[in-house]
Amino acid sequence: MQNLNVGLIGGGFMGKAHSLAYAAMPMFFWPAPAMPVRKVIAEATDELAAQAASRFGFEKSTSDWRSIIDDPDIHVVDIATPNHLHAEIAIAAAEAGKHIICEKPLARTGEESKAMYDAVKNTDIVHMVAFNYRRTPAVALAKKYIDEGAIGRVISFRGTYLQDWSADANSPLSWRFQKSIAGSGALGDIGTHVIDMARYLVGEFTSVNSVMSTWIPERPLQSGSADSLGNVSGGEGPRGAVDVDDEVLTMVKFANGAIGSIEATRNAYGRNNFLTFEIHGTEGSIVFNYERRDELQVCFASDPGDRRGFRTVYTGPAHPYGEGLWPIPALGIGYGETKIIEAYDFFKAIAEGGSVSPNFADGYQIALIDDAIIESAESGAWVDVPRIDA
Ligand SMILES: NC(=O)c1ccc[n+]([C@@H]2O[C@H](COP(=O)([O-])OP(=O)(O)OC[C@H]3O[C@@H](n4cnc5c(N)ncnc54)[C@H](O)[C@@H]3O)[C@@H](O)[C@H]2O)c1
């Protein structure tokens, strides 16, 4: 079995999730497609990098991410930094021939995402963008039902991603509220996960009609580079401007004729990780809520009228990725498992010389959808979504 050396850049929330996935992937999926070796981790300072290496089990640490790109022993570059660094790191990694997994959104804009896609598109590099929620077994099961025609032709999709960690106007002005770093707000941060699911389950978008708003226009300045996701109050100190959206709501037309809506906010008190979809087809419906992620609700029109209604399927060994996960349905899938599955599919593609989805082409197409949503919110009109040539 092949060892693949990983250089991970960014040791915050996602650095933790990816490190866990590299350690645990072979424990879940055995034989593993390849063994991830946690070789080197980069952070913003030497001290942060050394701490991250001890905590996340990396052999070495650095405060210079370029040394990872220049290291011939590194096979995989993992980008888990804030969004403004994704393009520069990914393009350098592609030029050095490394396989790349990059956190979502792929970059701040369609233009930056295109440059990243162009850097990998005619190469043998395996590239992936980390929209992990589609790898929740219940979501993969929904895809299976749709592909098998269990709910007939899909006619509508309603998706939400609602959180409340920034609802407090005193939560700090982290990088997630700064356009120069994040690109956009709720749209790029969490709306893109719903867009990824909508493309995965329904298909390509043709046009959007959107509204966006920024409810809290300034927040207390934050020191340090990591985002505390609103858990630490920024207090009463100096404040800075929020120049991204707090909330986005868009209508969608899909290429296959289906219609839909997508809503994302981080200011919805009482909603924590309310990532949901409801899909209606000509022969049934499917409902998913990440806060109850072991469950998929399905309703089939073919059931006798006196029994028709939603039934709950608890995911387990019979379902997608079940062979590697837990031996009893409803034991409990967590966020970590979605990242473990993501690592499994990524390393499998490298080991087999294949490709994986969602990749940089998907990330670029989603960035074009984001750009169209922003344009529509500014103009108030329907905006066509360009399709990339992938
Ligand atoms: N897939 C998901 O569910 C998910 C969830 C959260 C975040 N994300 C994405 O992951 C990425 C990181 O988000 P996060 O929540 O981990 O952020 P974070 O703020 O918790 O961590 C980012 C880390 O990058 C470090 N960093 C900054 N500049 C650096 C540099 N030059 N070199 C090395 N390290 C540097 C920071 O010090 C920080 O520790 C973002 O693109 C975000 O959108 C994805």
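The values are calculated or read from the model by the stated rules, or taken from the named source; none is laboratory data. Nothing here was measured: the structure is a model prediction, and the numbers come from that model. In this analysis, Cβ positions are derived from the backbone assuming ideal geometry, glycine residues included, and neighbour counts consider all displayed protein chains.
Structure data summary
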quantity: Residue that is under 22 Å from the mean Cα position of the chain (by Cα), more than 17 Å from Ile146 (Cβ to Cβ), of a type in the set (Val, Ile, Thr) and not assigned by TED's automatic domain parsing to the domain that holds Phe29, where the choices are Ile328, Ile279, Ile341, Ile286; calculated: Ile341
quantity: The stretch 1-29 residues that are free of Cβ contacts under 8 Å to residues at least 40 places away in the same chain and polar (S, T, N, Q), paired with ones that are away from the ligand (no atom under 16 Å from the Cβ) and part of a strand (DSSP E or B) (beta carbon under 7 Å, 6 or more apart); calculated: Asn3/Met35; Asn3/Val37
quantity: Residue match in the stretch 78-94 (condition: under 30 Å from Trp326 (Cα atoms), in contact (Cβ under 8 Å) with a residue 24 or more places away in the chain, touching a Phe, Trp or Tyr at 6+ places or on another chain (Cβ under 8 Å) and of a type in the set (D, E, K, R)); calculated: no
quantity: Unique match (being part of a helix (DSSP H, G or I) and either in contact (Cβ under 8 Å) with a residue 40 or more places away in the chain or buried (at least 16 other Cβ atoms within 10 Å of the Cβ) (or both)) among Ile333, Ile279, Ile369, Ile388; calculated: Ile369
quantity: Asp168 vs. criteria more than 27 Å from Ala390 (Cβ to Cβ) and of a type in the set (Asp, Glu); calculated: yes
quantity: Condition check for Ala349: within 16 Å of the ligand (Cβ to nearest atom), of a type in the set (A, V, I, L, M, F, W, C) and part of a helix (DSSP H, G or I); calculated: no
quantity: Filtered residue count, the stretch 25-48, keeping only those that are among the hydrophobic types (A, V, I, L, M, F, W, C), in contact with a strand residue (DSSP E or B) (Cβ under 8 Å, 6 or more places away or on another chain) and within 15 Å of the ligand (Cβ to nearest atom); calculated: 3
quantity: Some residue of the stretch 111-121 being polar (S, T, N, Q), free of Cβ contacts under 8 Å to residues at least 24 places away in the same chain and in the same structural domain as Phe13 (by TED's automatic domain parsing); calculated: no
quantity: Failed item, numbered, when Val313 is tested on (1) assigned to a loop (DSSP other than H, G, I, E, B); (2) closer than 21 Å to Tyr145 by Cα; (3) touching a Leu at 6+ places or on another chain (Cβ under 6 Å); calculated: (1)
quantity: Selection count where residues are at pLDDT 95 or above and away from the ligand (no atom under 16 Å from the Cβ), scope the stretch 1-24; calculated: 6
quantity: Matching residues, the stretch 175-192, being surrounded by fewer than 24 Cβ atoms within 10 Å (Cβ to Cβ) and in a loop (DSSP other than H, G, I, E, B); calculated: Gln178
quantity: The one condition in (1) surrounded by 15 or more Cβ atoms within 10 Å (Cβ to Cβ); (2) in contact with a strand residue (DSSP E or B) (Cβ under 7 Å, 6 or more places away or on another chain); (3) not in a strand (DSSP E or B) that Phe288 fails to fulfil; calculated: (3)
